[in-house]
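S.K.: Before anything else, here's the structure in question.
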Amino acid sequence: MSAIKEKLLQLGIRPSRGLGQHFLIDKRIAVRQVEAAEITEEDTVLEIGPGLGILTSEIVERAGKTIVIEKDTVLSNYLSQEFSERLEIIRGDVLDIELPSFDKVISNIPFNISSPLTFKLLEENFECGVLMYQKEYARRMTAKSGEKNYSRLSVMTSIKSNITKLFDVSRNSFYPPPRVDATVVKIEPSEPGFELGHPDLFARVVRELFNYRRKKIKNALEYGFNIKLSPDIPYGDKRVEKLSPKEISSLVDHMVDKGLF
Ligand code: SAH
């Protein structure tokens, strides 16, 4: 029996699917993740969903300060015994609380909250994150315009960050194994790289466009917003899946100038 399985039995924990509880059993992966964040003693590191602390024990060795957020009370009690004063533990649901300030975030996050958690993190000011996602989700996060997995998620993360793939992790590295493999990515918050004049409208337009990703821009907008556009709409004949975030932004600017919103 793996050490993790044994520990769970000992603590009387039956992994909860609702809490996305898949515990990493391969220490080498935890080490690679933590090394990728290049933690120094200057850093305050945030970990979300520490579980039994496989990443946590690597983080506390390197960071000046480590803060974890854990929703499961049995686990947070266990961690406070294991790590005592080396760790600041926030007990609660990461989506409900105000995040503490941090320099780096490392997390094997519960997959079922990938989107709300990512966008919550991207509201914060931090240096970098090393985060694990479902493989397909990570593909969509890192895709560029014209690529197969280019999606609303690609666009909305790209205006707030640079995301690079680090490595894949087999589902068999977890107990219990999730249904799909995972990918570790590095997220570095950044500016869009172009003037984003109307962020709220941009988000609305992106939402509508990607409901019709194979259609031409003009048609997608006409369907999505139930409007009639003149034929000279910029990129009108281009397909949604080919339009870069910068082009979407200038399309939005054009529509605002023409009084279409
Ligand atoms: N990082 C650990 C555990 C991963 S399992 C490892 O790699 O082994 C996901 C963890 O996130 C569990 O500890 C679960 O209790 C916790 N969790 C799930 N949803 C959460 C939420 N909304 N807020 C905080 N923690 C959460």
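S.K.: Go ahead and run the numbers for FRET between Arg32 and Asp200, Cβ-Cβ distance against an R0 of 45 Å, rounding to 0.05.
M.R.: Computed FRET efficiency for Arg32 and Asp200: 0.70.
S.K.: Residues with amide H under 5 Å of Thr66's amide H, sequence separation 5 or more or different chain, H placed in the peptide plane at 1.01 Å from N; which?
M.R.: Here the answer is Val45, Glu88, since their amide H atoms fall under 5 Å of that of Thr66.
S.K.: Once phi is turned into θ = phi - 60°, what whole-Hz ³J(HN,Hα) does the Karplus curve with 6.51, -1.76 and 1.60 give for every residue of region 106-120, x standing for Gly and Pro?
M.R.: 10, 6, 8, 6, x, 4, 6, 10, 3, 5, x, 5, 4, 6, 5
S.K.: Can you give the charge dipole size of region 199-257 about its Cα centre, rounded to the nearest 20 debye, using +1 on the beta carbon of Lys and Arg and -1 on the beta carbon of Asp and Glu?
M.R.: 360
S.K.: Now for a different question. Could you pull out the pairs from Lys148/Lys216; Lys165/Lys215; Lys215/Lys246 whose alpha carbons sit more than 26 Å apart here?
M.R.: Beyond 26 Å between Cα atoms: Lys165/Lys215.
S.K.: What size of dipole, in debye to the nearest 20, comes out for the chain about its Cα centre when the only charges are +1 on Lys and Arg C-beta atoms and -1 on Asp and Glu C-beta atoms?
M.R.: 1620
S.K.: Which loop GluC sites (Glu not before Pro) in region 1-39, with loop taken from DSSP, have no more than 14 other Cβ atoms within 10 angstrom of their Cβ?
M.R.: The qualifying sites are Glu38.
S.K.: Among the DSSP beta bridges whose two residues both lie in the chain, what percent are antiparallel, rounded to the nearest 5?
M.R.: Percent antiparallel among DSSP bridges in the chain is about 50.
S.K.: Among Ile67, Met141, Leu121, pick out the residue whose Cα is farthest towards the positive end of the charge dipole of the chain, where Lys and Arg carry +1 and Asp and Glu carry -1 on C-beta, about the Cα centre.
M.R.: So the residue we want is Met141.
S.K.: Taking only Cα atoms, what is the 0 to 90° angle, nearest 10, from helix 199-209's long axis to the longest principal axis of the chain?
M.R.: Around 80 degrees separate the two axes.
S.K.: Could you work out the relative contact order of region 170-255? I mean the mean sequence separation of Cα pairs under 8 Å and 6+ apart, divided by the number of residues, in percent. Let's see the in-between values first.
M.R.: Details: 75 pairs, mean separation 23.4, N = 86.
Relative contact order here is 27 percent.
S.K.: Moving to a separate point now. Just to be sure I understand the model, the point goes 7 Å from the Cα along the line to the Cβ. What's the resulting Arg214 to Arg62 distance in nm?
M.R.: 4.4
S.K.: Could you state the angle between the C-alpha long axis of helix 73-83 and the longest principal axis of the C-alpha atoms of the chain, as a value from 0 to 90 degrees rounded to the nearest 10?
M.R.: Approximately 60 degrees, to the nearest ten.
S.K.: If you don't mind, another one. Just name one of Pro234, Asn77, Val252: the one whose Cα is farthest towards the positive end of the charge dipole of the chain (beta-carbon charges, Lys/Arg +1, Asp/Glu -1).
M.R.: Farthest along the dipole direction, towards plus: Pro234.
S.K.: Further question: What distance in nm lies between label points placed 7 Å from Cα along the C-beta direction at Asp237 and Glu136?
M.R.: 3.5
S.K.: Using a Gaussian network model of the chain with C-alpha springs under 10 Å, which one of Glu61, Glu98, Glu127 is most mobile by mean-square fluctuation?
M.R.: Glu98
S.K.: Compute the normalised compactness of the chain: alpha-carbon radius of gyration over 2.2 N^0.38 Å, N being the residue count.
M.R.: Computed over Cα atoms of the chain, the ratio equals 1.15.
S.K.: For the chain, take the longest principal axis of its alpha carbons; what is the angle in degrees between that and the long axis of helix 245-257, to the nearest 10 within 0 to 90?
M.R.: Approximately 50 degrees, to the nearest 10.
S.K.: I want to check the label-to-label distance for Ile97 and Gln10. Put each point 7 Å from Cα in the C-beta direction and report it in nm to one decimal.
M.R.: In this crude label model, Ile97 to Gln10 measures out at 2.5 nm.
S.K.: Which whole-angstrom value gives the distance between the alpha carbon centres of region 214-252 and region 125-164?
M.R.: 22
S.K.: Then there is this: Could you order peptides 42-51, 142-151 by the average number of other Cβ atoms within 10 Å of their residues, highest first?
M.R.: Ranking the peptides 42-51, 142-151 by packing returns 42-51, 142-151.
S.K.: Also, I was wondering about something else. Residues with amide H under 5 Å of Ser161's amide H, sequence separation 5 or more or different chain, H placed in the peptide plane at 1.01 Å from N; which?
M.R.: Ser190
S.K.: Now, a different point. Would you work out the charge dipole size for region 5-54 about its Cα centre, treating the Cβ of every Lys and Arg as +1 and the Cβ of every Asp and Glu as -1, and quote it to the nearest 20 debye? Walk me through the numbers before you get to the answer.
M.R.: Details: 7 positive and 8 negative charges, 125 e Å.
I would put it at about 600 debye.
None of the figures in this text is laboratory data; all of them are computed from the coordinates on show. Everything quoted here is computed from the prediction, not taken from an experiment. For neighbour counting, all protein chains shown are included, and Cβ atoms are generated from backbone atoms with ideal geometry for every residue, glycine included.
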